[in-house]
Amino acid sequence: MPDPRSRWQPEGVHGASHVIAAESLKAVPREFHARPLSDAIIYELHLGTFTPEGTYAAAQRKLPYLAELGVTHLELMPLATFPGRRGWGYDGVDLFAPFPAYGTPQELAGFVRACHSQGLAVLLDVVYNHLGPDGNYLAQYGPYFTDRYKTGWGAAINYDGPQSDEVRRFVIDNALMWLTNYGFDGLRLMPCMPFSVSRPCTSSKNCRSR
């Protein structure tokens, strides 16, 4: 089974996990300060459809165009590895591994650096309230899920039940990875979480709202 903290799944959600050294990403401190969100012009970007090639390298070539438009922040749609070759990314299962069809982890780090060189901040859309069904091996490693809550996507994440400390640590570590290893300037969280069995969260419209 893949390592749930795998940093690279080049053969997909059912393939072997590969080791990626954080040093290879070269997300070194940089002299870049994002504009405040109150003044931001955010461009939501899906790597797979933004260019015909659907890669970091192809998107990087269009950064001057986005900067010329007046964009200040790019918001990348979810990058956690999901099954198949195409998708929106909201069914990701390998939270620490960037989707391989877009490019390597090193190319992702290079893309973020290139954005900063164009004066563009980079935000990442992350999904922490559910995982996709295909390739989701997380339950076999520990009590990551709970039936105390219901969602419209399957088992809910165990954030507040027995043995949930390490579940929260897993998610916090993931957030820190994107910010420190790759140099992202911020994360966009899906804001909708189920609060009780009597109030299940089933509205995808509400969950996609800002």
Do we have any residue at all in the stretch 129-138 that's without any contact (Cβ under 8 Å) to a residue 40 or more places away in the chain and under 13 Å from the mean Cα position of the chain (by Cα)? yes
Could you look through the stretch 162-210, keep only residues that are small (Gly, Ala, Ser) and at pLDDT below 50, and pick out the one that is most open to solvent (accessible area, probe 1.4 Å)? Ser198
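Where in the stretch 35-149 are there helices (runs of 4 or more DSSP H), lying wholly inside it, with at least 2 residues that are of a type outside the set (Phe, Trp, Tyr), farther than 24 Å from Pro10 by Cβ and open to solvent by less than 70 Å² (accessible area, probe 1.4 Å)? Before the answer, list the steps.
Working: elements: 47-50, 56-60, 63-69, 105-117.
Counting at least 2 such residues, we get 63-69.
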Answer yes or no: is there a residue in the stretch 16-30 that is in a loop (DSSP other than H, G, I, E, B), open to solvent by 40 Å² or more (accessible area, probe 1.4 Å), within 14 Å of Glu107 (Cα to Cα) and without any contact (Cβ under 8 Å) to a residue 24 or more places away in the chain. yes
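The values are calculated or read from the model by the stated rules, or taken from the named source; none is laboratory data. The shown structure was predicted, so the numbers you read here are calculated from the model rather than taken from an experiment. Cβ atoms come from the backbone with ideal geometry, glycine included; neighbour counts cover every protein chain shown. Only protein heavy atoms, including side chains, enter the accessible area calculation; ligands, DNA and RNA are left aside. Shrake-Rupley method; radii C 1.70, N 1.55, O 1.52, S 1.80 Å.
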